[in-house]
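For reference, the structure discussed in these notes is given below.
Any read-out appearing in this document is the output of simple, stated calculations on the displayed coordinates, not a laboratory observation. Note that the structure is a prediction, hence the values are computed from the model and not measured. Every residue, glycine as well, gets a Cβ built from its backbone with ideal geometry; the counts of neighbours run over all protein chains shown.
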Amino acid sequence: MLGMWKSNAPDEFVCIKFDMEISEGSSLSDVASSTTNSSGRRQNSAEVKEGQSFSMCKRLVQMMQGNIWISLSPLGFAQGMTLVLRFQIHPSYGRAVFSPGTSSEQPNSNPQFRGLHVILADDDHVNRMVTKKLLEKLGCEVTAVSSGSECLSALSSAENSFILVVLDLQMPEMDGFEVATRIRKFRSRNWPLIVAVTASAEDNVWERCLRMGMNGVIRKPVLLQGMADELQRVLQRAREQF
Amino acid sequence: MDILNQLQRQYTDFTALLYREGFVDDNFTQVQKLQDESSPDFVVEVVSLFFEDCEKLVNNMAEALEQQDVDFKQVDSHVHQLKGSSSSMGAARIKNVCIAFKTFCEAQNREGCLRCLQQVNHENTQLKTNLQALFTLERQIVANGGSIPVMQ
């Protein structure tokens with residue numbers, strides 16, 4: 001049984017309650033066992049001995065700002081367990097990444113880009129403005145920054161959860177390669193996805209980018225179709241890996 | 001609606017000319033296509049931003065080239081930036097001058113650089129005039145109740 005309600009807490013949270021039945025001989029019976037003393041007296045719920053694994057669960061759940069408890073039958077046996085968890089409501093960009101992508105004629109009607117949180121790093125005003133608009137046209141939610149260091153601080157900020165970083169390789173103070181290296185080192189080997197944008201026509205740019213842990217490369221000047229194709233490819237690979 | 005037809009015809013012809021003469025390229029078309037209800041002045045904004053940046057970069061380049069000991073790497077980085085933004089915006093002629101400009105920087109040829117800088121200035125002025133004329137036509141078409149013809 002699953003129940004869901006909005007708590008009195010500010011709108012950003014939702015509580016989900018799981019009600020589980022413990023039946024005779026089910027595996028949940030070893031989670032909590034009631035003790036019976038030799039005289040077979042009815043036990044008070046306070047004396048229900050909790051299994052070690054159960055108290056560990058309880059600890060974890062309480063750390064997650066939830067609660068878990070055993071409900072007892074009239075005879076003092078565990079008959080059910082209730083789990084309440086509190087979740088913070090986030091915009092549903094997660095669904096956008098993992099929903100099946102449908103290829104369509106027009107890139108801007110592709111549902112898998114909708115709401116995708118992207119951070120765009122490019123030091124040039126004009127490029128930044130055009131690329132940002134282009135990504136927005138595809139449906140992404142874009143935060144544009146003008147340097148590598150701004151990019152890194154935006155990523156480390158707890159409220160921001162970016163799926164994708166679009167990175168100009170040739171930025172003056174900290175180039176794209178360094179930014180990518182730092183992201184992979186201090187954040188995660190796989191997340192967020194990184195797509196490089198470069199004017200370089202050298203063949204080994206792709207290889208170099210891959211070695212640094214980037215997921216894709218787009219040649220400048222960026223065109224809508226080129227961006228859409230590469231993003232689609234990168235998201236597809238990510239889906240296959242997770 | 002004779003005047004409207006005339007204006008629209010002028011617009012189409014003028015646009016075709018700009019593309020034919022290489023003042024603008026496909027990237028400019030893309031910039032135009034990116035304009036929508038949520039950003040109705042997108043093209044004008046991008047173009048203004050471009051000319052602002054262009055002027056700053058040109059001043060920086062001029063200053064660098066005036067030095068006794070020219071720092072060609074500095075000049076090159078300015079040219080690189082201008083090449084990038086002119087490319088994104090579709091300012092094809094300016095972008096092409098930048099390509100030549102870069103080779104002169106690499107060769108550390110001061111004379112060649114100065115000539116390119118002059119050409120950048122010239123192209124800049126021309127493009128500004130042309131785009132202003134284009135935007136004026138657009139405003140006139142809209143003022144006359146028409147819609148701006150879309151380039152294919």
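Points to keep in mind about this one:
- Take each residue of peptide B:77-84, count the partner chain Cβ atoms within 10 Å of its Cβ, and average: the result is 3.
- Separation in nanometres of the label points that stand 7 Å from Cα toward Cβ, at B:ARG9 and A:SER55: 9.3
- Here each label is just a point 7 Å from Cα along the line to Cβ, and for A:GLN236 and A:ARG182 those points are 3.3 nm apart.
- Gain on full stretching of the segment that runs from A:THR82 to A:SER153 - 0.36 nm per residue minus C-alpha separation: 21.5 nm
- Tilt relative to chain B, helix B:92-106 - C-alpha long axis, 0 to 90 degrees, to 10: 10
- DSSP-loop GluC sites (Glu not before Pro) across segment A:191-242, with at most 14 other Cβ within 10 angstrom: A:GLU202
- Sparsely packed GluC sites (Glu not before Pro) within segment A:127-201, loop by DSSP, other Cβ within 10 Å at most 10: A:GLU159, A:GLU173
- Sequence-distant lysines (8 or more away, or on other chains) whose Cα lies within less than 18 Å of A:LYS58: A:LYS17, A:LYS49
- Angle in degrees between helix B:72-89 and the longest Cα principal axis of chain B, rounded to the nearest 10: 10
- Anchor A:LYS137: lysines whose Cα lies under 21 Å away (excluding residues fewer than 8 positions away in-chain): A:LYS220, B:LYS33
- ³J(HN,Hα) computed for each position of segment B:118-130 - Karplus, 6.51 cos²θ - 1.76 cosθ + 1.60, integer Hz, glycine/proline x: 4, 5, 4, 4, 4, 5, 4, 4, 4, 5, 4, 4, 4
- Taking label positions 7 Å along the Cα-Cβ direction at both B:SER48 and A:MET64, the computed distance is 5.2 nm, reported to one decimal.
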